[in-house]
């Protein structure tokens, strides 16, 4: 019985917290010792500076990392001596298998281990996504880098063909990556695209936004990891992608310094509580504050001895009529529990000061996702209202997709 990637996602168990019933998509991260598996996970999802990866300890046991983006992920960081038998879970539970190879390691040991997992995964789940990261590319010159990348690709293919001819149709995807540039973000983004069932709908929303806003290129980024989860149908230029990643990193660095003053609790006004009805004993109404002259005040004091200000209370006064609360009127406790309005910040950066110029805009869509779009500067300055309207339309569509995705994974 064959299984599909959706089946692998559905069978993926929840995280270590038993109360978390959210079904997560599992990614298996494999490779030999010191190949760069943990550094990939730490740089992408924990914002670890690449220069500090040298001090990371070797992974001694399987570590499961949860990460929430457009879809909830569970990444298994495995030690170098992990085998199919010692994994502790069937490969059919994983939607993607990523094998990391050091670009300088051309020996048979990593290739033999990769082929072993590929064959086992093919029999358990033929539709599993097989990705190979040829890592640490920054350590070689350009010519040597591409030559080693080609040799690793050929050796893996030849080894699979030696095992059986049926593996000829396997879809193996090789990526040249490094933690010191944006090649890792671009490669992992392409891996993530294959796991998002709602990717066509996100791309359609981006295409509509680009057409209505005259934008040549737009990305939907995960703000924390700087992985783009979707883009429009125009080709992805590496220079544009790197520019968006750098801009998003800058905004993340300074984002903690800014907040919405209007949405802060100190500036929010709640309805005042209803004043209690006047007591029966209190018959004299409250005297308003008077700003009249001294002569008027003396005259009022003389008149107060002769003429009463209010009638005397009756022996059997009627009980005060209290206003029955309306179902639509919120109680004081309910008023204090009103949901806080979400603040959607935005930013814009001019890339080319020369006429006509290009502006890079950034708009928050959800707490995890941001929209980065290139716009002609005259369009951005002259049609700001139209751009904001298109962003609101795009935001509502993405939020609805995320809501449906979460409900499906929660089993609602």
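Testing the spin-label approximation: label points 7 Å from Cα along Cα→Cβ at residue 381 and residue 57. State their distance in nm.
Here the modelled spin labels are 5.6 nm apart.
Indicate the gyration tensor shape class of the stretch 119-269 (rounded, prolate or oblate), computed on the Cα atoms with a ≥ b ≥ c the square roots of the eigenvalues: a/c under 1.5 is rounded; otherwise a/b larger than b/c is prolate and the rest oblate.
It is prolate, given that a/c is not under 1.5 and a/b is the larger ratio.
Using label points projected 7 Å from each Cα along Cα→Cβ, tell me how many nm separate residue 157 and residue 403, to one decimal.
Once both label points are built, they end up 4.8 nm from each other.
How many angstrom separate the Cα center of the stretch 26-55 from the Cα center of the stretch 63-133?
Their Cα centres are 14 Å away from one another.
Suppose R0 equals 51 Å. What FRET efficiency, 1/(1 + (r/R0)^6) with r the Cβ-Cβ distance, do residue 81 and residue 208 give to the nearest 0.05?
For residue 81 and residue 208, the calculated efficiency is 0.55.
Does the stretch 5-193 come out rounded, prolate or oblate by the C-alpha gyration tensor, with a ≥ b ≥ c the root eigenvalues, rounded set by a/c under 1.5 and, if not, prolate when a/b is larger than b/c and oblate if not?
oblate
Please tell me the relative contact order of the stretch 5-193 in percent, rounded to the nearest whole number, where contacts are Cα pairs under 8 Å and at least six residues apart.
22
Residue 346 to residue 33: FRET efficiency via 1/(1 + (r/R0)^6), r the Cβ-Cβ distance, R0 60 Å, to the nearest 0.05?
The computed FRET efficiency comes out at 0.85.
Shape verdict for the stretch 73-150, please, from the Cα gyration tensor: rounded (a/c under 1.5), prolate (a/b greater than b/c) or oblate.
Here the stretch 73-150 falls in the prolate category.
If you average the alpha carbon positions of the stretch 195-214 and of the stretch 384-412, how far apart do those two centres end up, in angstrom?
Between the Cα centres of the stretch 195-214 and the stretch 384-412 lies a distance of 11 Å.
Find the eigenvalues of the gyration tensor of the Cα atoms of the stretch 148-215, then list the square roots of 5 times those eigenvalues as equivalent ellipsoid semi-axes, largest first, in whole angstrom.
34, 18, 9
Could I have the simple spin-label model distance between residue 197 and residue 252, label points 7 Å from Cα toward Cβ, reported in nm to one decimal?
2.8
Every read-out reported here was derived from the displayed coordinates using simple, explicitly stated rules and does not represent laboratory data. Since the model is a prediction, treat every value here as computed from it, not as a measurement. Here the Cβ is made from the backbone with ideal geometry for all residues, glycine too, and neighbour counts use every protein chain on show.
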